[in-house]
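Contents: one structure, followed by commentary.
The values are calculated or read from the model by the stated rules, or taken from the named source; none is laboratory data. This one's a predicted model, so the numbers in the text were calculated from it and none came from an experiment. Every residue, glycine as well, gets a Cβ built from its backbone with ideal geometry; the counts of neighbours run over all protein chains shown. In case anyone asks, the SASA skips ligands and DNA or RNA and just uses the protein heavy atoms, side chains included. Shrake-Rupley method; radii C 1.70, N 1.55, O 1.52, S 1.80 Å.
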Amino acid sequence: VGEEVLLKCSFRSSVPITESLTVDWTYRPLAGGRMETIFHYQSVAYPATVGKFKDRVSWVGNVASGDASIAIQSPVMSDNGTFICTVKNPPDV
């Protein structure tokens, strides 16, 4: 609680990385409920502009080296839940 947390995500692709590559991070609260997109990346980072993670998620990845990690600033216990990283590099998923 209170310290920056790193959410690691690594990937491999059988095709070269292009600007079509996308990374999506979604979150579901521990108690259940709807999934929420908290971060999107396609050539540049698009952190969430609404929701509980607004202004708290930053891109720390490097897609050229297969890293799609993010960091969350000032985490609180209510942030506990399931975080899912999805990487698509057409035609590879």
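Considering only protein heavy atoms and a probe of 1.4 Å, how much of the accessible area of the range 4-88 is carbon and sulfur, as a whole percent?
54 percent
Taking Cα centroids, how far is the range 6-34 from the range 50-73 in Å?
Cα centroid of the range 6-34 versus Cα centroid of the range 50-73: 10 Å apart.
Only Cα pairs under 8 Å and at least 6 apart count here; give the relative contact order of the chain as a rounded whole percent.
Relative contact order, the chain: 42 percent.
Quick check: net charge around V63, other residues with Cβ under 12 Å of its Cβ, Lys/Arg +1 and Asp/Glu -1? Can you show the working numbers first?
Details: positive: R12, K88; negative: E19, D67.
Overall, the nearby charge balance is 0.
Would you mind counting up the charge near T18? Only other residues with Cβ under 12 Å from its Cβ, with Lys and Arg at +1 and Asp and Glu at -1. Walk me through the numbers on the way to the answer.
On the way: positive: K88; negative: E19, D92.
Here the charged neighbours net out to -1.
By how many nm would the segment from E36 to T82 lengthen if fully extended, with 0.36 nm per residue of separation less the alpha-carbon distance?
Between E36 and T82, full extension yields 15.5 nm more.
Could you name the aspartates and glutamates whose alpha carbon sits less than 18 Å from that of K54, not counting residues in the same chain fewer than 8 places away?
Reachable aspartates and glutamates: E3, E4, D24, E36, D79.
Rule-of-thumb check for the range 4-88: C-alpha Rg over 2.2 N^0.38 Å?
Output field value: 1.08.
How far apart, in nm, are the 7 Å Cα→Cβ label points at A45 and N62?
Between A45 and N62, the simple spin-label model gives 1.5 nm.
Using just the alpha carbons, could you tell me how many Å³ per residue the convex hull of the range 1-43 encloses?
Considering the Cα atoms of the range 1-43, their hull volume per residue is 119 Å³.
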